[in-house]
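Below is one structure, written out as structure tokens; comments come after it.
The values are calculated or read from the model by the stated rules, or taken from the named source; none is laboratory data. Keep in mind that this is a model prediction, so the values were computed, not measured. Cβ coordinates were reconstructed from backbone atoms using ideal geometry, including for glycine residues, and neighbour counts include every protein chain displayed. Quick note on the areas: whole protein, heavy atoms, side chains included, nothing else; ligands and nucleic acids left out. Shrake-Rupley method; radii C 1.70, N 1.55, O 1.52, S 1.80 Å.
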Amino acid sequence: MLRPLRDQILRVTGYEVDSTLSAAEGLSMFWAKQYDLVLIDVEGERAIAEAEHMCSEIKAAQPEQLVAFVCNWRVALMTDCPDEILRTEFNPEAFVQGVRDMVKPA
């Protein structure tokens, strides 16, 4: 339910967004196009293994690819795969600022 809202918030803020509910389709999208940031929405503890697998596949193929998980604080404590974690007790302004902080040039 929040995915379309997050997508729209990022689009309105000026980001190009490709989005899917499928990890397999997400990996296909990743292979087909270059991304500044890959956000993986981790909905609950049961989704951690799939998210970590996706993260590992991406990092094995392109170690420099920036990957972030979007998840709640509890899930954030249970994983260490991504470069960054955006904790979501959903706050649109904090979400966009987190994305900005990750993709800004060094």
From phi via Karplus (6.51, -1.76, 1.60), per-residue ³J(HN,Hα) for the stretch 23-32 in Hz, x at Gly/Pro:
4, 4, 5, x, 5, 4, 5, 4, 5, 8
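Keeping all protein chains in place, calculate the accessible area per residue for the chain (probe 1.4 angstrom), answer in Å².
I get 64 Å² per residue for this part.
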Put +1 on the Cβ of every Lys and Arg and -1 on every Asp and Glu Cβ in the stretch 40-106; which of Ile40, Ser56, Met102 then has its Cα farthest towards the positive end of the dipole?
Met102
Given a 10 angstrom Cα cut-off, can you work out which residue in Leu39, Leu77, Leu86 is the most mobile in a GNM of the chain?
Leu77
If pairing requires two Cys Cβ atoms under 4.7 Å apart, which cysteines of the chain are left without a partner?
Cys71
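Please compute the contact order of the chain in relative form: average sequence separation of alpha-carbon pairs under 8 Å and at least six residues apart, divided by the residue count, as a percent.
The value is 24 percent.
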In a Gaussian network model of the chain with springs linking alpha carbons closer than 10 Å, the residue among Glu43, Glu52, Glu93 that fluctuates most is Glu93
Computed FRET efficiency, Cβ-Cβ of Lys59 and Asp7, R0 22 Å: what is it to the nearest 0.05?
0.40
By the Cα gyration tensor axes a ≥ b ≥ c (a/c under 1.5 gives rounded; else a/b larger than b/c gives prolate, otherwise oblate), the shape of the stretch 46-106 is oblate
Cα centroid distance between the stretch 58-106 and the stretch 1-39, in Å?
13 Å
Note the listed values (1) 102; (2) 88; (3) 195, then indicate which one is volume of the Cα convex hull per residue in Å³ calculated from this particular structure.
(1)
